[in-house]
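Let me begin by presenting the structure, written as C-alpha cells, before commenting on it.
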Amino acid sequence: MSFTLNHLKTLESEAIYVIREAAAQFQNPAILFSGGKDSIAVTYLARKAFYPAPIPFPLVHVDTGHNFQETLDYRDRLVAKLGVKLIVASVQDTIDQARVTEEKGYNASRIRLQTTTLLDAIEKYKFDCCLGGARRDEEKARAKERFFSHRDEFGQWDPKNQRPELWNLFNGRKHVGENFRVFPISNWTELDVWQYMGMEKIDLPTLYFSHRREVFDRDGVLLAASPYIPMKPNETATEQTVRFRTIGDITSTGATLSSAATVDEIIQEVASTRITERGGRADDKRSESSMEDRKKEGYF
Amino acid sequence: MTEEVFDSKSYMNMELLRFTTAGSVDDGKSTLIGRLLYDSKSIFEDQYENIRATSERRGENYVNLALLTDGLRAEREQGITIDVAYRYFSTPKRKFIIADTPGHIQYTRNMVTGASTANLAIILIDARNGVVEQTRRHSLIASLLGIKHLAVCINKMDLVDYSKEVYDAIVKDYKEFASRLQVKDIQFIPISALNGDNVVTRSANMPWFEGVTLLYLLETVYIAGDLNHIDARFPVQYVIRPYNDEFHDYRGYAGRLSSGVLRPGDKVSILPSGFTTTIRGIEFNGAQLIEAYAPMSVTILLEDDIDISRGDMIVRENNQPHISQDIELMVCWMGDKPLQLNGKYAIKHTTKDARCVVKEVKYKLDISTLHRITEDPVISMNDIGRITVRTTTPLLYDAYTKNRETGAFIMIDEGTNVTVGACIILD
C-alpha cells in the first residue's frame, strides 16, 4: 500500500488536469508564451496532457520588441520541436497604430503597453481562454488568483468579486465577449518549477544560467546594458557574472550575481536565497500594488 | 531554508499538505500565517523589508506580519482579508499550501472554497472571546466539507496571562459543540501568533501545556489514509484522437482518477451506458503504467471501441457509484439572490455538465446551535441547508463522506454564470 504521489507529481497531475479542463471547456484557447521558464513549463505540461496528439492550441508571444535575442531563438526552436503554431503580437505594431503611447524617461518600459497588445490579439483571434504560467507565490496580487480567472469584456480582473473555486470544479461559463485566463501552475513555487525542470531534463534559455554580461545598477536592480535602456550619466556598466531569475522584457528584467551554471546549482541557489524572484523585477517596484493595477487592466 | 546544502532528493519526495485557516475578524489569522512563514524562514528579505517599511509608515510599533498575506490594496487599507490568498512554504518534512480565508460573515464563501481542497483546518479562537458564532460556523463548514483534521488554536494567550484556566474553559466549550461534528481528529493548541508561542517553537510561557507545537502537528499529521483508494472512479475529461498516420486508430480517454486504483487488464464498466470492456493500457506522456491511482492524471486505452465522451465515467465492474436524477444534498449558498425553490440552475459535477431544478428545501441550519429551521426556510448567502434537486441527466455519484470528488458539485446561476452553490451529496 503505497498509493502516494510526491508533491511534484501531485502538482504535475493538477496542472495537466487544469490544462485538459481548459481544452474541454473553451472553444479557442491559447498559451501565453513569454519565453520564461513558467510558460515553458506550461507548454511542456500541455504537451504531456494531450500526447500523442499535438497541443491543441497556439502559443501567443506578446512581443515588446525589447527582447533578449536568446529568448527569441529559444522560442523558435521550441515551436519547431513541438510542432505548435506561434502567433506573435507586437507591441511595436500597437504603438505604430497609435493605440498606445510609449512611455518617456529613463525608466520607460513597455510592460503596461503589453496589455493593449494582448487584448487586441485576444479580440483579433477570438481567444476565449489564455493559459498562462503565473504562480501564486510570485506576487501578492497573484496569490489571490483563481485557476480559472474570469475577465470581463474589457479584459479586466475584478479581485473583490471572483467566482468561488470549489474542489476541482472549474466554472468556465461566460457571456459573449468575456474571456478567461487559466493558470495551471498556480500552486507551484519557483523551487518546484526548477525541480521539475531538473526532473524532466527540460532544455531552457541560456539566460537562466550563469554567464558574463555588461550590467548596471539602478535602484538596486541589476539591468542588462542594452540599446533599449538609456543609461543615466552617473550609471556605468560593468561586466559581471550573472544569471536571470525571471525572463521578460529586457527593460524590466533584473539580473542577479550568480555562478549557478546548471539546474542543480540553480536549485541550490533558489533553496538558499533570501530574495524573492520578482525582487529583481523593475516593473513591480513602481508601487506597492503595481501588479494588482496591471492585472485589473487586463495584464496577465 | 538554511545555509547547509539543500537536499534535493528528499525535497522531491515530500508530501503535500493543504490546509486552510479560519477565524473571525481580528483573531490574528494573518499574523499566524506570517508567523509560520517567518519562523520557518520562508519569508524573503525583500518581503520582510517591504512590510517593515509599511508597518513603520503606519506607525505600528512592531513589524506587522499580517501584511504578508493581505495582497490587495483594499485589504491593506482596511487591514482585513477579502479574498482567499494562497501561500506556500516548506520545511524539511513537508510542503504546505495554505488557503488563507477571510473571517467576515459576508465572505464565508471563501472559507468554503479554501476548505474544499484542504486536508486540515486551523480554527483560530481569540482567548479573550472564546468560542463565538464564527468559530462554530467555520468548524461546521470544515466538518461538512470533509476535512479530516482540525487544529484548534487558542490565540492571543499573551493577553490572558497565558492562563491555563482560560484555555481549559475554551477547550471544554469547544468540545461540547464539536461532539456534533463529523471530524474525529481535533487537536487543541494554546498559542500567541504575535509572539510565536507554540507556533514553531515551544512556549516557555505555558509550561503547563503538554501537547505539540502547531508546526510539528502540520508536519506529522497522518494524511496518507485520507484518500479513498478503494472505489475506482475515472471521470472522462477529454478524448485524445491524434488524427495522424502514426497513431491512426488511437483513442485515449484522458482524465484524473477521483479515487481508487486501476490497472491494465481490469474489467471495467463505462457509465452511464453500462457497456463493459477491459483496460488495454494506461499511459502517461507515452509511457505505459502498470497502475494508476488517485490523484494521477493519465490516459486510458480500452479493448473495445465504445462511444465514450466527456462526462462519462470508467469504473470497476463490481464497484459502481450511485446513478440517479434525484439527489439529496447539503448546499452552502453563495449567491446574492437566495436559492429559489423550483428554480433551475446549471451544475458541474466531476467532468459532467447538467442542469437541475430545486424540488424541495427541507431545512436550513442554525449555525450556532446546529438546529434545523424547517418553517419557511429561505436559503440566502452564507446559509447552509438541506435540499433535494432533480437533474436533467442522471449523475454518477457517491456520498461525499466516501468521496470528496464524486460526492460534490457546484450550482451556477444561468443568467450571471456565477457559481452560487457548493453542493455536498448525502448518502
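The values are calculated or read from the model by the stated rules, or taken from the named source; none is laboratory data. Remember, predicted model here, so these are calculated numbers, not experimental data. Cβ coordinates were reconstructed from backbone atoms using ideal geometry, including for glycine residues, and neighbour counts include every protein chain displayed.
Against the definition (at pLDDT below 90 and either closer than 29 Å to residue B:86 by Cβ or not aromatic (Phe, Trp, Tyr) (or both)), how does residue A:121 come out, yes or no? Lay out the reasoning, then the answer.
Values: at pLDDT below 90: yes; either closer than 29 Å to residue B:86 by Cβ or not aromatic (Phe, Trp, Tyr) (or both): yes.
Yes: the conditions hold for residue A:121.
Taking the conditions exactly as written (buried (at least 20 other Cβ atoms within 10 Å of the Cβ) and among the aliphatic types (A, V, I, L, M)), does residue A:88 satisfy them or not? Outline the logic, then answer.
Values: buried (at least 20 other Cβ atoms within 10 Å of the Cβ): no; among the aliphatic types (A, V, I, L, M): yes.
No, not satisfied.
Among the listed residues B:367, B:379, B:373, which satisfies the condition of being farther than 30 Å from residue B:229 by Cα and in contact with a helix residue (DSSP H, G or I) (Cβ under 7 Å, 6 or more places away or on another chain)? Don't jump to the end; show me each part of the working.
Working: B:379 fails: in contact with a helix residue (DSSP H, G or I) (Cβ under 7 Å, 6 or more places away or on another chain); B:373 fails: in contact with a helix residue (DSSP H, G or I) (Cβ under 7 Å, 6 or more places away or on another chain).
On inspection, the qualifying residue turns out to be B:367.
Just checking, which of A:49, A:53 is out of contact with any His (no Cβ under 7 Å at 6 or more places or on another chain), at pLDDT 95 or above and at negative phi?
Numbers: A:53 fails: at pLDDT 95 or above.
Testing whether each residue is out of contact with any His (no Cβ under 7 Å at 6 or more places or on another chain), at pLDDT 95 or above and at negative phi leaves just A:49.
Looking at B:146, B:114, can you tell me which residue is closer than 26 Å to residue B:398 by Cβ and outside any loop (DSSP other than H, G, I, E, B)? Lay out the reasoning, then the answer.
Working: B:146 fails: outside any loop (DSSP other than H, G, I, E, B).
Answer to the selection: B:114.
In the list B:278, B:299, which residue meets the criterion of being at pLDDT 95 or above, touching a Gly at 6+ places or on another chain (Cβ under 7 Å) and buried (at least 17 other Cβ atoms within 10 Å of the Cβ)? Show your work before the answer.
On the way: B:278 fails: buried (at least 17 other Cβ atoms within 10 Å of the Cβ).
After ruling out the rest, the residue left standing is B:299.
Filter region A:23-65 down to the residues that are within 16 Å of residue A:83 (Cα to Cα), assigned to a helix (DSSP H, G or I) and within 12 Å of chain B (Cβ to nearest Cβ) and list them by number.
A:44, A:45, A:46, A:47, A:48, A:49, A:50
Any chance region A:266-286 includes a residue that's modelled with pLDDT of 85 or more and either more than 21 Å from residue B:46 (Cα to Cα) or more than 10 Å from chain B (Cβ to nearest Cβ) (or both)?
Yes, region A:266-286 contains at least one residue that is modelled with pLDDT of 85 or more and either more than 21 Å from residue B:46 (Cα to Cα) or more than 10 Å from chain B (Cβ to nearest Cβ) (or both).
Taking the options B:171, B:152, B:160, name whichever one is without any contact (Cβ under 8 Å) to a residue 40 or more places away in the chain and under 21 Å from the mean Cα position of the chain (by Cα). Break it down stepwise before answering.
Numbers: B:171 fails: under 21 Å from the mean Cα position of the chain (by Cα); B:160 fails: under 21 Å from the mean Cα position of the chain (by Cα).
Of the residues listed, the single one that is without any contact (Cβ under 8 Å) to a residue 40 or more places away in the chain and under 21 Å from the mean Cα position of the chain (by Cα) is B:152.
Just for strands (runs of 3 or more DSSP E) wholly inside region A:120-218: which have at least 3 residues that are more than 30 Å from residue B:259 (Cα to Cα) and not assigned by TED's automatic domain parsing to the domain that holds residue A:99?
Because the criterion is at least 3 residues that are more than 30 Å from residue B:259 (Cα to Cα) and not assigned by TED's automatic domain parsing to the domain that holds residue A:99, the strands (runs of 3 or more DSSP E) in region A:120-218 that meet it are A:211-218.
Suppose the filter is away from every other protein chain (no Cβ under 14 Å), over 26 Å from residue A:19 (Cα atoms) and buried (at least 17 other Cβ atoms within 10 Å of the Cβ); does residue B:327 pass it?
Details: away from every other protein chain (no Cβ under 14 Å): yes; over 26 Å from residue A:19 (Cα atoms): yes; buried (at least 17 other Cβ atoms within 10 Å of the Cβ): yes.
Answer is yes for this residue.
State yes or no: is residue B:8 surrounded by fewer than 20 Cβ atoms within 10 Å (Cβ to Cβ), of a type in the set (Gly, Ala, Ser) and modelled with pLDDT of 70 or more?
Working: surrounded by fewer than 20 Cβ atoms within 10 Å (Cβ to Cβ): yes; of a type in the set (Gly, Ala, Ser): yes; modelled with pLDDT of 70 or more: no.
In short, no.
Please determine whether any residue of region A:223-232 is assigned to a loop (DSSP other than H, G, I, E, B) and among the polar types (S, T, N, Q). Reasoning before the result, please.
Taking region A:223-232 and keeping what is assigned to a loop (DSSP other than H, G, I, E, B), we get A:225-232.
The next check asks that each one be among the polar types (S, T, N, Q); those that pass are A:226.
Within region A:223-232, one or more residues are assigned to a loop (DSSP other than H, G, I, E, B) and among the polar types (S, T, N, Q).
Filter region B:387-427 down to the residues that are within 10 Å of chain A (Cβ to nearest Cβ) and of a type in the set (Asp, Glu), then identify the one that is farthest from residue A:179 (Cα to Cα).
So the residue we want is B:405.
So which pairs qualify, if the first residue must be in region B:372-392 and touching a residue at least 24 places away in the same chain (Cβ under 8 Å), the second must be of a type in the set (Gly, Ala, Ser) and in a loop (DSSP other than H, G, I, E, B), the Cβ gap must be under 9 Å, and the two must be at least 6 apart or on different chains?
B:380/B:335; B:381/B:335
Does region A:32-41 contain at least one residue that is in contact with a Cys (Cβ under 7 Å, 6 or more places away or on another chain), at pLDDT 90 or above and of a type outside the set (Val, Ile, Thr)? Explain how you work it out, then say what you get.
From region A:32-41, those in contact with a Cys (Cβ under 7 Å, 6 or more places away or on another chain) are A:32; that's our starting set.
Next, only the ones that are at pLDDT 90 or above stay: A:32.
So of that shortlist, the ones also of a type outside the set (Val, Ile, Thr) come out as A:32.
Looking through region A:32-41, at least one residue is in contact with a Cys (Cβ under 7 Å, 6 or more places away or on another chain), at pLDDT 90 or above and of a type outside the set (Val, Ile, Thr).
Somewhere in region A:162-184, is a residue buried (at least 20 other Cβ atoms within 10 Å of the Cβ), more than 12 Å from chain B (Cβ to nearest Cβ) and over 23 Å from residue A:36 (Cα atoms)?
yes
This table checks each residue for (1) more than 8 Å from chain A (Cβ to nearest Cβ); (2) under 20 Å from the mean Cα position of the chain (by Cα); (3) in a strand (DSSP E or B).
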| site | (1), (2), (3) |
| --- | --- |
| B:211 | yes, no, no |
| B:248 | yes, no, no |
| B:253 | yes, no, yes |
| B:268 | yes, no, yes |
| B:278 | yes, no, yes |
| B:281 | yes, no, yes |
| B:295 | no, yes, no |
| B:298 | yes, no, yes |
| B:310 | no, no, no |
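State whether one or more residues within region B:378-385 are more than 24 Å from residue B:146 (Cα to Cα), more than 10 Å from chain A (Cβ to nearest Cβ), over 20 Å from the mean Cα position of the chain (by Cα) and not in a strand (DSSP E or B). Give the steps one after another, and end with the answer.
Going residue by residue through region B:378-385, those that are more than 24 Å from residue B:146 (Cα to Cα) are B:378.
So of that shortlist, the ones also more than 10 Å from chain A (Cβ to nearest Cβ) come out as B:378.
Now restrict to residues that are over 20 Å from the mean Cα position of the chain (by Cα): B:378.
Remaining after also requiring not in a strand (DSSP E or B): B:378.
The answer is yes, given that some residue of region B:378-385 is more than 24 Å from residue B:146 (Cα to Cα), more than 10 Å from chain A (Cβ to nearest Cβ), over 20 Å from the mean Cα position of the chain (by Cα) and not in a strand (DSSP E or B).
If I filter region A:1-22 down to residues being outside any loop (DSSP other than H, G, I, E, B), in contact with a helix residue (DSSP H, G or I) (Cβ under 8 Å, 6 or more places away or on another chain) and facing chain B (nearest Cβ under 7 Å), which single residue comes out as surrounded by the fewest Cβ atoms within 10 Å (Cβ to Cβ)?
By that ranking, first place goes to A:8.
Conditions tested, residue by residue: (1) over 18 Å from residue A:66 (Cβ atoms); (2) within 14 Å of chain B (Cβ to nearest Cβ); (3) out of contact with any Gly (no Cβ under 9 Å at 6 or more places or on another chain).
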position: A:83; (1), (2), (3): yes, yes, yes
position: A:90; (1), (2), (3): no, no, no
position: A:103; (1), (2), (3): no, no, yes
position: A:112; (1), (2), (3): no, no, yes
position: A:125; (1), (2), (3): yes, no, yes
position: A:128; (1), (2), (3): yes, yes, no
position: A:132; (1), (2), (3): yes, no, yes
position: A:143; (1), (2), (3): yes, yes, no
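Yes or no, residue by residue, for (1) within 14 Å of another protein chain (Cβ to nearest Cβ); (2) over 19 Å from residue B:144 (Cα atoms); (3) of a type outside the set (A, V, I, L, M):
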| residue | (1), (2), (3) |
| --- | --- |
| B:314 | no, yes, no |
| B:352 | yes, yes, yes |
| B:358 | no, yes, no |
| B:375 | no, yes, yes |
